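Every number here is computed from the coordinates shown, using simple stated rules; none is lab data. Nothing here was measured: the structure is a model prediction, and the numbers come from that model. For neighbour counting, all protein chains shown are included, and Cβ atoms are generated from backbone atoms with ideal geometry for every residue, glycine included.
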Amino acid sequence: MGKVDYFERKLDDKRRLTIPTELRSELAAGVVVTRGFGQYLHMYPKHVWDELVEPKLDGDILDERIADLNVQFRTGKSESSLDEKQGRVTLDQHHIAYAGIDRDVEVIRVGKYWRIVAK
């Protein structure tokens, strides 16, 4: 089967997002969920956050753009693991409110991370 770049899901009653089987190994080491650039969420594999995002957020201490990015991505940032049985990640209530998510979401690959959008 090819690379999964898009999927749709309904969150369950406990705000859990079930990850397709084909993607679980990519996210097995952990997941970081943050606010996105707009009214949606970003979901990063933990290693992508650590290796690619954190160094960018460290930037010049006097760079206002870097400061704004830190506020954007660190406000409400959460780290979690997939539950091993069902391959689910729980979204925090404040993330769901920020992104205007009811239950239905679309999840789209954006290079090395995912965008979670209310459907």
Got a sec? Which of LEU69, LEU57, LEU91, LEU52 is among the aliphatic types (A, V, I, L, M), in contact with a strand residue (DSSP E or B) (Cβ under 7 Å, 6 or more places away or on another chain) and in contact (Cβ under 8 Å) with a residue 12 or more places away in the chain?
LEU91
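When the residues of region 64-106 are narrowed to those that are polar (S, T, N, Q) and in a helix (DSSP H, G or I), which ends up farthest from the chain's Cα centre (by Cα)? Walk me through how you get there before you give the answer.
Within region 64-106, the first condition is being polar (S, T, N, Q), and the residues that meet it are 70, 72, 75, 78, 80-81, 86, 90, 93.
From what is left, the residues that are in a helix (DSSP H, G or I) are 70, 72, 93.
Numbers: ASN70: 16, GLN72: 13, GLN93: 14 Å.
My answer is ASN70.
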Residues of region 34-63 that turn out to be assigned to a helix (DSSP H, G or I), loosely packed, with under 14 Cβ neighbours inside 10 Å and of a type in the set (Asp, Glu), as a count
3
